[in-house]
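Written below as structure tokens is the structure these notes are about.
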Amino acid sequence: MAIDPRAEQAFGSEAEAYERHRPGWPGEAVARALGCLGLGPESEVVDLAAGTGKLTRELIPLVGRVIAVEPSADMRRALAAAVPAAETLDGTAETIPLPDSSVDGLFAAEAFHWFATREAVAEIARVVRPGGGVALLWNMHQLGGDPWQAEAFATLGEIGAPAPGQLGRHELERWGQAFEGAPFDSFEEFSVPHEQRTDVPGLVEHILTWSHLRVLDDAKRDELRRELLSVLEREHPSPGDVVISYRARLYCARRTRGART
Ligand SMILES: C[S@@+](CC[C@H](N)C(=O)[O-])C[C@H]1O[C@@H](n2cnc3c(N)ncnc32)[C@H](O)[C@@H]1O
């Protein structure tokens with residue numbers, strides 16, 4: 001299967017915005033994922049759906065080899081600029097361009113929901129060595145119900161867009177089905193709080209990177225940008241110092257040592 005066309009449209013043409021306005025991954029979350037899978041300085045890992053390399057750059061100093069696999073050429077260009085040390089391949093979750101049992105770990109950060117299929121899981125199981133493992137990560141917004149959030153979400157609601165808490169893409173029940181019967185042990189779950197600091201224009205650009213908004217046409221996005229700027233400049237208590245709070249949620253599972261799928 002080729003890259004999901006919604007993902008290509010959502011991320012492919014605006015990799016720079018993604019790089020500037022999306023959060024990274026806290027070191028503690030990455031360290032816990034490596035610890036969970038027993039990975040370290042000698043390990044070879046894949047960062048699948050690496051995007052602009054937000055996780056790749058955290059992995060590089062901690063393991064022996066990181067191969068970033070990413071189908072969007074724009075994302076790969078941004079990754080090469082942001083993480084010049086990265087080794088990058090064109091590929092998808094359904095066709096990972098690596099031999100059987102060739103890596104100790106496979107990471108998919110903010111991405112598995114794009115390819116949560118048995119086909120992709122079988123491909124992941126093919127490339128991960130028995131005894132190695134897989135780690136799936138998502139950054140979940142921590143919404144406090146502040147008045148400025150309610151106003152921003154009301155503005156999104158006017159165009160029929162869901163607030164982040166309503167997206168539910170991280171839920172184990174939903175993506176876990178793709179792993180049913182696959183040669184992995186049960187998933188362990190962790191979460192690590194962290195923050196992204198920006199200002200109101202940065203917060204608005206962050207919101208506009210959400211995939212369900214990036215598919216809007218330019219005129220609609222410009223209108224939404226103007227409305228969000230006006231609402232948030234008025235409602236946010238400190239427009240020059242905006243904190244976006246997250247929990248990085250991690251799910252890790254070891255590849256069983258039995259026969260491959
Ligand atoms: C939200 S970005 C995540 C980027 C990065 N992992 C991070 O932590 O910021 C999702 C990425 O998934 C990629 N993608 C979408 N469909 C894919 C597929 N079928 N196989 C591999 N990557 C895919 C997109 O091109 C995009 O770069």
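The values are calculated or read from the model by the stated rules, or taken from the named source; none is laboratory data. The model shown is predicted, which means the values in this text are computed figures rather than measured ones. FYI the Cβ positions are ideal-geometry reconstructions off the backbone, even for glycines, and counts take in every protein chain you see.
Listed here are the residues, each with its yes/no results for (1) crowded, with 19+ Cβ neighbours inside 10 Å; (2) modelled with pLDDT of 95 or more; (3) closer than 18 Å to His212 by Cβ; (4) among the small types (Gly, Ala, Ser).
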position: Ala85; (1), (2), (3), (4): no, no, no, yes
position: Ile96; (1), (2), (3), (4): yes, yes, no, no
position: Ser101; (1), (2), (3), (4): no, yes, no, yes
position: Gly105; (1), (2), (3), (4): yes, yes, no, yes
position: Ala109; (1), (2), (3), (4): yes, yes, no, yes
position: His141; (1), (2), (3), (4): no, no, yes, no
position: Gly145; (1), (2), (3), (4): no, no, no, yes
position: Glu151; (1), (2), (3), (4): no, no, no, no
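One residue stands out in the stretch 17-73 among those that are free of Cβ contacts under 8 Å to residues at least 24 places away in the same chain and surrounded by 24 or more Cβ atoms within 10 Å (Cβ to Cβ): the one that is farthest from Trp114 (Cα to Cα), namely Val66. Of the listed requirements (1) more than 26 Å from Arg197 (Cβ to Cβ); (2) of a type in the set (D, E, K, R); (3) modelled with pLDDT under 95, Glu19 misses just one: (1).
The rows are residues; the columns are (1) under 28 Å from Ala135 (Cβ atoms); (2) assigned to a loop (DSSP other than H, G, I, E, B); (3) modelled with pLDDT of 95 or more; (4) among the aromatic types (Phe, Trp, Tyr).
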residue	(1), (2), (3), (4)
Pro162	yes, yes, no, no
His170	yes, yes, no, no
Trp175	yes, no, no, yes
Gln196	yes, no, yes, no
Leu213	yes, no, no, no
Leu224	no, no, no, no
Ser238	no, yes, yes, no
Ala248	yes, no, yes, no
Cys252	yes, no, yes, no
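Of all the numbered requirements in (1) part of a loop (DSSP other than H, G, I, E, B); (2) in contact with a Pro (Cβ under 9 Å, 6 or more places away or on another chain), Ala182 misses one, and that requirement is (2).
Residues that are on the phi > 0 side of the Ramachandran plot and near the ligand (Cβ under 9 Å from one of its atoms) do not occur anywhere in the stretch 125-136. Restricting attention to the stretch 46-96, the residues that are touching a Phe, Trp or Tyr at 6+ places or on another chain (Cβ under 6 Å) and part of a strand (DSSP E or B) add up to 1. When the stretch 69-82 is filtered for residues that are within 11 Å of the ligand (Cβ to nearest atom) and out of contact with any Leu (no Cβ under 7 Å at 6 or more places or on another chain), the ones remaining, listed by number, are Pro71, Ser72, Ala73, Asp74, Met75, Arg76, Ala78, Leu79, Ala82. Among residues that are more than 29 Å from Arg257 (Cβ to Cβ), more than 9 Å from the ligand (Cβ to nearest atom) and among the small types (Gly, Ala, Ser), Ala86 is included.
Of all residues in the stretch 234-246, those satisfying the criterion of being surrounded by 13 or more Cβ atoms within 10 Å (Cβ to Cβ) and not hydrophobic (A, V, I, L, M, F, W, C) are Glu235, His236, Pro239, Ser245, Tyr246. Among the residues of the stretch 202-224, those identified as surrounded by fewer than 16 Cβ atoms within 10 Å (Cβ to Cβ) and more than 18 Å from the chain's Cα centre (by Cα) are Gly202, Leu216, Asp217, Asp218, Ala219, Lys220, Arg221, Asp222, Glu223.
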